[in-house]
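Heads up: the structure comes next, in structure tokens.
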Amino acid sequence: MTRRPLLIVVLAAGKGTRMKSAVPKVMHEIAGRTMLGHALNACQELWAETIAVVVGPDMEDVRAAALQQVPYACVYIQERQDGTAGAVLAAREAIANHKGDVLVQYADTPLLTVGTLERLHARLDDETGVAVLGFDASDPSGYGRLLTGADGWLQAIREDKDASDDERRITLCNSGVMAFGLDNLVGVLDRIENANAKGEFYLTDAIEIARSDGARAGVVVCAEDEVMGINSRDQLALAEAIYQKQARLAVMLEGATLIAPETVWFSYDTEIGRDVVIQPNVFFGPGVTIGDNVEILANCYFEQSRIGAGSRVGPFARFRPGAQLGEHVRIGNFVEVKNTVLGDGAKANHLSYLGDGEIGAGSNIGAGTIFCNYDGFEKHRTVLGPGVFIGSNASLVAPVKIGEGAYVGAGSVITKNVATDALAVTRASQDERPGWAAKFRARIMKRRAKAG
Ligand code: UD1
Ligand code: CA
């Protein structure tokens, strides 16, 4: 059967009261990406003619985030949050104008994969007007139950609060994701009433109404983990744990070694090369790319950074946005790198702050070096040519440039540019007094003897 054009309606208007948060529920993050972002990503991967996002009246940030990720999306406002059917009807215009199938997805179900959405859409055919994504719940409480008939077709969905004791024992539950291949979906939704325990307009009632119109509803079953709905912070943490477990496995299957996988945290977009070794307790924020053969020693933190092939970083190194390492770079313990590019083979092995700079290939940054990049108002750049040697405990006061092959003496405070191949030292020269210590000790001993 040729697939009909698809409209996806993403519901994101729920207040999310159970999160107890000033931030809308769908803006909470899993693996560094909002739940809305995860949901929209799955929509984007599925071929859809139109994506409609339904947000609440005071959710300007949700609208902006949706449009930033999917500029062609249509955003609708559900004025009163009176249930999931009301939410779908907020996109009435999009649904009425659309000739084809409609898929409804909840933005609080972030682990859903595009493969499952495809499978659900594919369930629609000439005799199946509605397809509901269901799962077998280990603990079904709180979910709507799928009531199927002896013929295998779905009869109705019963919300937890409205279910009888017998119905509550059913473990086949509604994920919330549904595909409609009806010609009059708006007509079906308009007939939904709110005579139920919550006094809400339930989308789930569409099943019985569509059936009364002669349509048939089928169920597609998927794994419980994939359709976990997030209503509270503990569920958010559980979803994060599930996501991380999958991410770790994927990274290992792609050829990286994780010594203690359960202690390494990835973002949704982390890229890890082949033969990378990651020691325990490492955190990857968004926007990180790690090249092949990189060794990450224990306790490192990365965000928006790129680490070139063959580099060795950590333990205890921090990479902030804009850290860009070439190949075979060494970054050692307690080194912080921010908005700084390091050429191939450069080294900063101990206790340094490298901010807003450029470090040429093969340069060596001594222990305790600080790039003094901030004057209280603006940030300034420190630029080092290739093969530069910075002695320990030097402060480079930006803006400043150190020419190729130059040396900076240990303990110097550099405020002026240093020429190629020069040595710059700013510390006071050493003053040595021969025999001074011996005379000093003798004087003290004599005084003590006298005092008896
Ligand atoms: C819903 C389903 C339930 C299913 C469960 C799966 C209904 C009536 N119930 O229950 O059968 O087992 O999801 O997780 O559909 N939303 C709006 N506007 C509203 C209300 C909700 O946009 O007025 C959005 C929310 O942002 C959320 C989604 O719809 O993304 C689901 O709403 P929620 O209140 O979490 O529904 P559940 O009670 O979990
Ligand atoms: Ca929910």
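The values are calculated or read from the model by the stated rules, or taken from the named source; none is laboratory data. Since the structure is predicted, the reported quantities are computational estimates derived from the model, not experimental observations. Cβ sites come from the backbone with ideal geometry, for glycine too, and all protein chains shown count toward neighbours.
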Checklist entry - Filtering region 22-34 down to residues that are surrounded by fewer than 21 Cβ atoms within 10 Å (Cβ to Cβ) and without any contact (Cβ under 8 Å) to a residue 40 or more places away in the chain, which residue is farthest from Asp58 (Cα to Cα)? => result Glu29
Checklist entry - Do we find that Ala65 is of a type in the set (Gly, Ala, Ser), more than 8 Å from ligand 1 (Cβ to nearest atom), in contact (Cβ under 8 Å) with a residue 40 or more places away in the chain and in contact with a helix residue (DSSP H, G or I) (Cβ under 7 Å, 6 or more places away or on another chain) in this structure? => result no
Next on the checklist: Anything in region 370-395 that is in contact with a strand residue (DSSP E or B) (Cβ under 8 Å, 6 or more places away or on another chain), assigned to a loop (DSSP other than H, G, I, E, B) and under 13 Å from Tyr407 (Cβ atoms)? List them, or say none.
Outcome noted: Gly385, Val388, Gly391, Ala394
Next on the checklist: Among the residues that make up region 143-152, is at least one of them under 37 Å from the mean Cα position of the chain (by Cα), more than 15 Å from ligand 1 (Cβ to nearest atom) and under 25 Å from Lys15 (Cβ atoms)?
Outcome noted: no
Checklist entry - Looking at region 347-369, which of its residues are within 15 Å of Ala317 (Cα to Cα) and not charged (D, E, K, R)? => result Ala348, Asn349, His350, Leu351, Ser352, Tyr353, Leu354, Gly355, Ile365, Ala367, Gly368, Thr369
Checklist entry - If you scan region 230-241, which residues turn out to be surrounded by fewer than 16 Cβ atoms within 10 Å (Cβ to Cβ) and under 19 Å from Gly285 (Cα atoms)? => result Ala237, Leu238, Ala241
Item to check | Conditions (1) without any contact (Cβ under 8 Å) to a residue 40 or more places away in the chain; (2) of a type in the set (Gly, Ala, Ser); (3) away from ligand 1 (no atom under 13 Å from the Cβ): number failed by Ala179 | outcome: (1)
Item to check | Selected residue (only one of Ala348, Ala398 is out of contact with any helix residue (DSSP H, G or I) (no Cβ under 9 Å at 6 or more places or on another chain), of a type in the set (A, V, I, L, M), under 22 Å from Ser311 (Cβ atoms) and assigned by TED's automatic domain parsing to the domain that holds Glu303) | outcome: Ala348
Next on the checklist: Let me confirm something: among Gln68, Gln44, which residue is over 26 Å from Asp183 (Cα atoms) and surrounded by fewer than 19 Cβ atoms within 10 Å (Cβ to Cβ)?
Outcome noted: Gln68
Item to check | Output for region 185-200, where each listed residue is closer than 16 Å to Val130 by Cβ and aliphatic (A, V, I, L, M) | outcome: Leu185, Val186, Val188, Leu189, Ile192
Item to check | Output for region 11-44, where each listed residue is assigned to a loop (DSSP other than H, G, I, E, B) and either more than 18 Å from Leu67 (Cα to Cα) or over 12 Å from the mean Cα position of the chain (by Cα) (or both) | outcome: Ala12, Ala13, Gly14, Lys15, Gly16, Lys20, Ser21, Ala22, Val23, Pro24, Ala31, Gly32
Checklist entry - Can you tell me which of Leu203, Leu182 is within 18 Å of Leu133 (Cβ to Cβ) and more than 35 Å from the chain's Cα centre (by Cα)? => result Leu182
Checklist entry - For Val227, are the conditions met, namely being of a type in the set (A, V, I, L, M), under 30 Å from Lys161 (Cα atoms), under 20 Å from the mean Cα position of the chain (by Cα) and surrounded by 14 or more Cβ atoms within 10 Å (Cβ to Cβ)? => result yes
Checklist entry - Got at least one residue in region 252-261 being assigned to a loop (DSSP other than H, G, I, E, B), out of contact with any helix residue (DSSP H, G or I) (no Cβ under 7 Å at 6 or more places or on another chain), β-branched (Val, Ile, Thr) and away from ligand 2 (no atom under 16 Å from the Cβ)? => result yes
Checklist entry - Looking at Ala122, is it over 37 Å from the mean Cα position of the chain (by Cα), more than 13 Å from Met228 (Cα to Cα) and hydrophobic (A, V, I, L, M, F, W, C)? => result no
Checklist entry - Looking at this structure, is Gln44 without any contact (Cβ under 8 Å) to a residue 40 or more places away in the chain, more than 16 Å from ligand 2 (Cβ to nearest atom), assigned by TED's automatic domain parsing to the domain that holds Asp183 and out of contact with any strand residue (DSSP E or B) (no Cβ under 8 Å at 6 or more places or on another chain)? => result no
Checklist outcome for this item: All-but-one check, Glu49 against (1) modelled with pLDDT of 95 or more; (2) more than 14 Å from ligand 1 (Cβ to nearest atom); (3) farther than 16 Å from Pro110 by Cα, failing number (1)
Checklist entry - What do you reckon, is Ala73 more than 12 Å from ligand 1 (Cβ to nearest atom), out of contact with any Phe, Trp or Tyr (no Cβ under 8 Å at 6 or more places or on another chain), within 22 Å of Glu193 (Cβ to Cβ) and aliphatic (A, V, I, L, M)? => result no
Item to check | Residue list for region 206-256, restricted to those being touching a Gly at 6+ places or on another chain (Cβ under 8 Å) and of a type in the set (Lys, Arg) | outcome: Arg216
Checklist outcome for this item: Among the residues of region 122-135, the number that are within 21 Å of Ala42 (Cβ to Cβ) and either within 16 Å of ligand 2 (Cβ to nearest atom) or surrounded by fewer than 22 Cβ atoms within 10 Å (Cβ to Cβ) (or both) is 6
